[in-house]
Amino acid sequence: MRLFEVPRLRSASLALVALLPLAAAAQETAPPPDSGTPAPLPSALPATLPDTLAGAAGSWDLAIAGGQRRCVLTLSADSGPAGRIVRFPAGCRRALPVMAGIAGWLYAEDGIRLVDTNVRPILAFTREPDGRSLGATAGSGERYSLVPLQIAAMRPASETPASPVSPAAATEPAAAPAPPPEGPAPGLYALDRATQKDICRLELSPPDAAAKEMAPVRLLPGCRDSGITVFDPTGWRFAAGHLTLKARRGHAVNLVALPDGRWRRDPDVGVTLVLRKVEP
């Protein structure tokens, strides 16, 4: 029995010696132990300034440098009496008096120009070194910045001060982000004019996502305003923050959302016109 056992032991020893280099190589190439620090995630690409006329059309944040006064402008691609059409709430003229002379806008390779009724630039915006905003100096010497709304809404985490987190809060799920602003829900709406309430009622039909045309609007019987009856809205759509009501004859009225959920005509000229959701 011993004569057979010796070769077997010798073979096992040789096999063990042959495996030692492989084990050493495995130890050399093994990954280091986890330090507990997660690998950094690739950051999302930052939004950039538009470089075409089509890209420039949309909502922008206009602000005076070093102050809190600001205004949201909507630059339309449609042509108007002074360049292209620009829309903004009436309150912008109070917050930023320079807006009182703005009648349109122009797109140029070096930036955007807000012009007066004679198409003369009041604010000629050019790219700032940060590549994410435009800057212009008014005739009064005030400096203004113009930023696309999607960039203005972004706030880097480094700009947000860190706050201590309690152990209980650390185990709570994070709150869901606020949904983006949406258009009006289909249904029944009342039109108010100045101090007169519920003078007319409209029914907004649901829009068809596959259709390019406006969704239908129906003016209900019993409207007590002859101007709205003559206007006779037949279609509606929501785009670039504006609710547009289209008349049977083709002209349109634009409305912007108010904090309380109502919609006000924009620009707010003449008698105030407000659209609000009501129950049937």
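For the stretch 53-152, the dipole from Cβ point charges (+1 on Lys and Arg, -1 on Asp and Glu) about the Cα centre works out to 300 debye, to the nearest 20.
Placing +1 on the Cβ of each Lys and Arg and -1 on the Cβ of each Asp and Glu in the stretch 182-260, which of 187, 215, 229 has its Cα farthest towards the positive end of the resulting dipole? Of the listed residues, the answer is 229. For 128, 213, 279, the sequence from fewest to most other C-beta atoms within 10 Å is 279, 213, 128. If you take all other residues with their beta carbon under 13 Å from the beta carbon of residue 222, and give Lys and Arg +1 and Asp and Glu -1, the sum is 0. In this structure, the amide hydrogen of residue 108, modeled 1.01 Å from its nitrogen in the peptide plane, lies closer than 5 angstrom to those of 113, counting only residues at least 5 positions away or on a different chain.
Applying both filters, DSSP loop and at most 14 other Cβ atoms within 10 Å, to the trypsin sites (Lys or Arg not before Pro) of the stretch 230-266 gives 248, 249. If you plug the beta carbon distance of residue 229 and residue 130 into 1/(1 + (r/R0)^6) with R0 = 51 Å, you get a FRET efficiency near 0.50.
The simple spin-label model puts a point 7 Å past each Cα toward its Cβ; for residue 140 and residue 198 those points are separated by 4.5 nm.
Each value in this text was obtained by applying a stated rule to the coordinates, not by laboratory testing. Fair warning: this is a prediction, and the values are worked out from it, not measured in the lab. Because the Cβ atoms are built from the backbone with ideal geometry, glycine has one as well, and the counts that use them run over all protein chains shown.
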